[in-house]
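Quick notes on the structure that follows.
Every number in this text was worked out from the coordinates using simple rules, so none of it is lab data. The model shown is predicted, which means the values in this text are computed figures rather than measured ones. Quick reminder, even Gly has a Cβ in these numbers, built from the backbone with ideal geometry, and neighbours come from all protein chains shown.
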Amino acid sequence: MTVALVSGASRGLGAAIARRLAADGFAVAVNYAAGRERAERVVADIRSAGGTAEAFGADVTDEAAVQDLVERIRAALGPVGVLVANATGPQPEIPVDRLGWRDHLDQLEFFVKSPTLLLQAVLADMRAAGNGRFVQIGSDAFERAMPGMSAYNAAKGAQWGLTRTWARELGGDGITVNLVAPGWVPVERHGDLTDADTAGYVSEVPMGRIGRPEDVAAAVSYLASDAAGFVTGQRITVNGGHNMD
Ligand SMILES: NC(=O)c1ccc[n+]([C@@H]2O[C@H](COP(=O)([O-])OP(=O)(O)OC[C@H]3O[C@@H](n4cnc5c(N)ncnc54)[C@H](OP(=O)(O)O)[C@@H]3O)[C@@H](O)[C@H]2O)c1
């Protein structure tokens, strides 16, 4: 059974991605930071649906913690064959006149440092297997350039740059590297939203509805599948056509 590691899978998009990859037949390592109980609930859901999963606590922005995480996964489930870099910290809105370097670093920790550490930790196993899938969760915010979100947008743009470069570096090893860019997908942290709260956004979306975590999970599922073995260095935007390349 191929092992899939999803960072930040205790809630939000990561939890939906973990559930979907387990339903696809992967043994899923459900990573969490503070939300152990929520991660255990995701694992319990997967197991009761007949899947294989285990929860692993680790701060994926910390080098030693990432190394230890991947070693624990290898011992419990096996080497990681599918890596999904999904975890995020807070994404504050900060206008440029108040923007500090620390604000940039806070975003770069999650979208540049963490993907780098995670990839480096699983690379030897993927190379040994001659096969591997790395899916980064980016954002359409980079293209949409939302005011006040420059630190987040810059880090998401950097993540896209890493995706393209690593796809070139690792293609010869049989490893694909792609990015899924969701639009707005309400999750727990957005609170309870009514149709009225999302109506303005939805009015700009050609598909006429708000995104669901399952929409994003389906794109990750495709990129992790055998069917996507010849797809690398690509971005799949999942936002109902809100922006188009
Ligand atoms: N939701 C959207 O509208 C949307 C739109 C575009 C892009 N995205 C992208 O999609 C990804 C997921 O976003 P989301 O909205 O699902 O986020 P979320 O609901 O806030 O979930 C964040 C996840 O990251 C984990 N996490 C936080 N700090 C961590 C750390 N240091 N180490 C390991 N895990 C950590 C959290 O774990 P704990 O619960 O254990 O703290 C949680 O599982 C992000 O990359 C985000 O930029 C989301």
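Would you mind calculating the gained length between Ala76 and Arg168 on full extension (0.36 nm times residue separation, minus the Cα-Cα distance), in nm to one decimal? Can you show the working numbers first?
Working: separation 92, 0.36 × 92 = 33.12 nm, distance 3.13 nm.
Computed gain between Ala76 and Arg168 is 30.0 nm.
Can you quote the Å³ per residue value for the convex hull of the Cα atoms in region 3-238, rounded to an integer?
Numbers: hull volume 30.0 nm³, N = 236.
Residue-normalised Cα hull volume stands at 127 Å³.
Per-residue HN-Hα couplings for region 203-211, Karplus 6.51 cos²θ - 1.76 cosθ + 1.60 at θ = phi - 60°, whole Hz, x for Gly and Pro?
5, 9, 9, x, 6, x, 8, 7, x
Please compute the contact order of region 63-171 in relative form: average sequence separation of alpha-carbon pairs under 8 Å and at least six residues apart, divided by the residue count, as a percent.
Relative CO of region 63-171 lands at 36 percent.
I'd like to compare 204-217, 92-105: which one has the highest average count of other Cβ atoms within 10 Å, and what's the full order after that? Intermediate results must be reported in sequence, preceding the final value.
On the way: 204-217: 16.9, 92-105: 11.4.
Per-residue mean Cβ counts within 10 Å order the peptides as 204-217, 92-105.
For Cα pairs less than 8 Å apart in space and 6+ apart in sequence, what is the mean separation divided by the residue count of the chain, i.e. the relative contact order in percent? If you can, show how the numbers build up before the last one.
Details: 474 pairs, mean separation 48.2, N = 245.
Answer for the chain is 20 percent.
Within region 6-25, find all residues whose amide N lies under 19 Å from a label point positioned 7 Å from the Cα of Glu188 along Cα-to-beta-carbon.
The answer is 6-22.
In whole Å, what is the distance between the alpha-carbon centres of region 17-73 and region 181-245?
Between the Cα centres of region 17-73 and region 181-245 lies a distance of 22 Å.
Go ahead and estimate [θ] at 222 nm for the chain from helices alone: -39,500 (n - 2.57) per DSSP H run with n ≥ 4, summed, over the residue count, rounded to 500. Write down the numbers at each step before the final one.
Values: 9 runs with 108 residues, N = 245.
-13500 deg cm²/dmol, from helical runs alone.
Could you list which residues have their amide H under 5 Å from that of Val30, counting only those 5 or more apart in sequence or on another chain, with H placed in the peptide plane?
Sorted by chain and number, the residues that satisfy this are Glu54, Ala55, Phe56.
If all Cα-Cα distances of region 14-114 are sorted into 5 Å bins from 0 onward, what percent lands in each bin, rounded to whole numbers?
In order of increasing distance, the bins hold 2, 12, 21, 21, 17, 10, 7, 5, 3, 1, 0 percent.
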